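Asks: Sharing a structure, written as structure tokens. Questions coming.
The values are calculated or read from the model by the stated rules, or taken from the named source; none is laboratory data. Just so it is clear, the model here is predicted, and its values are computed rather than measured. FYI the Cβ positions are ideal-geometry reconstructions off the backbone, even for glycines, and counts take in every protein chain you see. These area figures cover heavy atoms from the full protein model, side chains too; ligands, DNA and RNA do not enter into them. Shrake-Rupley method; radii C 1.70, N 1.55, O 1.52, S 1.80 Å.
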Amino acid sequence: MGSHGTSESFVKMATIKFTKLFINGEFVDSVSGKVFETRDPRNGEVIANIAEGDKDDVDLAVKAARAAFDRGPWPRMPGYERARIMMKFADLIDQNIEELATLDTLDAGKLFSSLKNFEIPGTAKFLRYYAGAADKIHGEVLKMSRPLQAYTLLEPIGVVGHIIPWNFPSSIFFTKTSPALAAGCTMVVKPAEQTPLSALYYAHLAKLVSMHMTNGVIFTYAPTTRLVTLLLEDHFAGIPDGVLNVITGFGPTAGAAISSHMDIDMVSFTGSTEVGREIMKAAAMSNLKPVALELGGKSPILIFDDADIDMASELALLGFCFNKGEVCTAGSRLYVQEGIYDEFVKKLVAKAKAWTVGDPFDPNVRHGPQVDKVQFEKILSYIEHGKREGATLLTGGKPVGNKGYYIEPTIFTDVKEDMLIVKDEIFGPVVVLMKFKTIEEAIQRANDTKYGLAAGVVTKDLNVANTASRSIRAGTIWINCYSALERDCPFGGYKMSGFGKDLGLEALHKYLQVKSVITPIYNSPWL
Ligand code: NAD
């Protein structure tokens, strides 16, 4: 275990300031008055009591979001104005990075240094990336095959329900809200019940934006004069109330109220495949709202004989241990070609043994506690199942320490494709190691899964890389790298890993819909 030396000062710094629901620009108690506990996975202790939203609270939030969409300025203001406001929101995140990083470390057991240096600054970059697109949203003029004039408008889809998991509470909050804000949508966000703290802090920053913007002017057309007249108007400083609402609470209550709501126009969900299915059912049984689903995975990494073994073993280790394996794209099935298998195994096991598990506030630690007791016990029960099924445990397999939810990096070999530890998403630092002979065999086995989120290919041979990347049925292929996600590049699943991309401009289009406008052209035989 790493040292706990630095953690108390961070904890003191992070007095929990926001614990209530955020509806129509105000922090409010839940209608029922109920609260739930959020806990620190380093020790299982309660951090704070959080308002427990349910159907009545979702109704209030949707009412506010509906009014902000149907009658408010957000969808109607020039995209440039939305961009200015989003940029200011991003600046406020930059000014509060340490506090936000502390909240996600306390709530989710994520590494403080990684949050501070990458994930939280990255959320501000999501906002800026989509802000840059907000004033470049336009349709097309169409050449029709009859004398008709037609054009398309790209319009915001309306009120969006975002349902978020606990493994990347900040990143996923902004991979979803940033493109939706840029598109002109209004929204209700439900963070995971395990990690509500940072979402409420982001709500606070959204409210604060107006205080950091000065009033300016925009020029508009005055229709009464029939001339283009320049009129002075106040432009909107800040995110209008009702545009961004946050409801904390549980999945089967608050989450289900969102997916089945008659007045929500779309649901964007990230989470497990099982819950994704429930969301789709609820959407179908209510108002047939479209859904976008970012779901689970059991991603393969294929390591070929010509790979640099040091690099490949480092990449494989990060593939299943990054964020303590609580990553949808975790490279949790390793296929290694027979020529380098033995040497690769030796290196990977040595690296896994040297990997430090401990307090996530300690900068020397590589991996903190699993998010909660439920997840901790689920991972340990998969490990026991693997042992019972006859797999060989090469290293790990045990909890670390006797307090909190820490688990050692765990490597299994001698596995068969039909074992549970090879088929199921474990969502912890557990990997299965398998040997292959030919590229055809590796591709066939890589595809032998219901999931299709991502895959890795490690080789120096361009032909092997190209063949494998075109043959594996997954939404993202990393060649000689892994987990290289960036805001510019679309991300999402094939097969039962879901549909509808996050990131890139594809994500912006998810929150837009196409309207066609057609008029006849008379007496123009040459058209
Ligand atoms: P989960 O599916 O249990 O919960 C996700 C969210 O859905 C939470 O906010 C939860 O409260 C809510 N929810 C639960 N039941 C619901 C219901 N009946 N109706 C509506 N909402 C409901 O997932 P999790 O345990 O929080 O996260 C882990 C899962 O998320 C893993 O399967 C992982 O692969 C997946 N994930 C996918 C991606 C991706 O981009 N593809 C990213 C991160 C996590």
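Asks: Scan the range 110-122 and give yes if some residue there is in contact with a helix residue (DSSP H, G or I) (Cβ under 8 Å, 6 or more places away or on another chain) and over 19 Å from LEU485 (Cβ atoms), otherwise no.
Replies: Yes, because at least one residue in the range 110-122 is in contact with a helix residue (DSSP H, G or I) (Cβ under 8 Å, 6 or more places away or on another chain) and over 19 Å from LEU485 (Cβ atoms).
Asks: Look at the range 322-367 and say how many of its residues are of a type outside the set (A, V, I, L, M), assigned to a loop (DSSP other than H, G, I, E, B) and open to solvent by 10 Å² or more (accessible area, probe 1.4 Å).
Replies: Looking only at that region, the number is 10.
Asks: Limited to the range 155-184, what total is found for residues that are assigned to a loop (DSSP other than H, G, I, E, B) and more than 9 Å from the ligand (Cβ to nearest atom)?
Replies: Final tally of qualifying residues: 3.
Asks: Mind checking which residues of the range 392-443 are of a type in the set (Val, Ile, Thr), open to solvent by 50 Å² or more (accessible area, probe 1.4 Å) and in contact (Cβ under 8 Å) with a residue 12 or more places away in the chain?
Replies: As a first pass, look at the range 392-443 and keep what is of a type in the set (Val, Ile, Thr): 392, 395, 400, 407, 410-411, 413, 415, 421-422, 426, 430-432, 438-439, 443.
Okay, now just the ones that are also open to solvent by 50 Å² or more (accessible area, probe 1.4 Å), so 392, 438.
Answer for the range 392-443, where residues must be of a type in the set (Val, Ile, Thr), open to solvent by 50 Å² or more (accessible area, probe 1.4 Å) and in contact (Cβ under 8 Å) with a residue 12 or more places away in the chain: just THR392.
Asks: Output the residues belonging to the range 484-527 that are touching a residue at least 60 places away in the same chain (Cβ under 8 Å), among the polar types (S, T, N, Q) and open to solvent by 70 Å² or more (accessible area, probe 1.4 Å).
Replies: Correct list: GLN513, SER516.
Asks: It is to be established whether one or more residues within the range 187-198 are open to solvent by 10 Å² or more (accessible area, probe 1.4 Å), within 14 Å of the ligand (Cβ to nearest atom) and assigned by TED's automatic domain parsing to the domain that holds ASN245.
Replies: Within the range 187-198 (the criterion being open to solvent by 10 Å² or more (accessible area, probe 1.4 Å), within 14 Å of the ligand (Cβ to nearest atom) and assigned by TED's automatic domain parsing to the domain that holds ASN245), the answer is yes, since at least one residue qualifies.
Asks: Then there is this: Go through the range 248-264 and count every residue that is in contact with a strand residue (DSSP E or B) (Cβ under 6 Å, 6 or more places away or on another chain) and more than 19 Å from TRP74 (Cβ to Cβ).
Replies: 6
Asks: Another question about this same structure. Testing ASP461 on (1) more than 16 Å from the ligand (Cβ to nearest atom); (2) open to solvent by 70 Å² or more (accessible area, probe 1.4 Å), one condition comes back false. Which one is that?
Replies: (2)
Asks: Quick check on the range 12-70: of everything there that is assigned to a loop (DSSP other than H, G, I, E, B) and hydroxyl-bearing (Ser, Thr, Tyr), which residue is nearest to THR195 (Cα to Cα)?
Replies: Out of the qualifying residues, it is THR19.
Asks: On to the next question. Look through THR467, THR476 and report the one residue that is assigned by TED's automatic domain parsing to the domain that holds GLY331 and more than 16 Å from the ligand (Cβ to nearest atom). Show your work before the answer.
Replies: On the way: THR476 fails: more than 16 Å from the ligand (Cβ to nearest atom).
Answer to the selection: THR467.
Asks: Any idea how many residues of the range 246-297 are over 25 Å from LYS495 (Cα atoms), in a strand (DSSP E or B) and either more than 8 Å from the ligand (Cβ to nearest atom) or in contact with a His (Cβ under 7 Å, 6 or more places away or on another chain) (or both)?
Replies: 1
Asks: Considering only residues that are within 18 Å of LEU315 (Cβ to Cβ), in a loop (DSSP other than H, G, I, E, B) and touching a strand residue (DSSP E or B) at 6+ places or on another chain (Cβ under 7 Å), which ones fall in the range 475-495? Let's see the steps before the verdict.
Replies: Taking the range 475-495 and keeping what is within 18 Å of LEU315 (Cβ to Cβ), we get 476-486.
Next, from what is left, pick out any that are in a loop (DSSP other than H, G, I, E, B): 480-486.
Answer for the range 475-495, where residues must be within 18 Å of LEU315 (Cβ to Cβ), in a loop (DSSP other than H, G, I, E, B) and touching a strand residue (DSSP E or B) at 6+ places or on another chain (Cβ under 7 Å): ASN480, TYR482, ALA484, LEU485.
Asks: For ASP107, state whether it is among the acidic types (Asp, Glu), under 30 Å from ASN364 (Cβ atoms) and open to solvent by 50 Å² or more (accessible area, probe 1.4 Å). Can you show your working first?
Replies: Details: among the acidic types (Asp, Glu): yes; under 30 Å from ASN364 (Cβ atoms): yes; open to solvent by 50 Å² or more (accessible area, probe 1.4 Å): no.
Against the criterion (among the acidic types (Asp, Glu), under 30 Å from ASN364 (Cβ atoms) and open to solvent by 50 Å² or more (accessible area, probe 1.4 Å)), ASP107 does not qualify.
Asks: Failed condition for ILE301, given (1) more than 27 Å from ALA507 (Cβ to Cβ); (2) more than 16 Å from the ligand (Cβ to nearest atom), with all others met?
Replies: Checking ILE301 against (1) more than 27 Å from ALA507 (Cβ to Cβ); (2) more than 16 Å from the ligand (Cβ to nearest atom), the one that fails is (1).
Asks: Conditions: (1) at pLDDT below 95; (2) of a type in the set (Gly, Ala, Ser); (3) part of a loop (DSSP other than H, G, I, E, B). SER210 meets all but one. Number of the miss?
Replies: Evaluating SER210 over (1) at pLDDT below 95; (2) of a type in the set (Gly, Ala, Ser); (3) part of a loop (DSSP other than H, G, I, E, B) leaves (3) as the failure.
Asks: Let me ask something additional. Out of curiosity, is LYS387 open to solvent by 30 Å² or more (accessible area, probe 1.4 Å) and more than 20 Å from LEU111 (Cβ to Cβ)?
Replies: Yes, satisfied.
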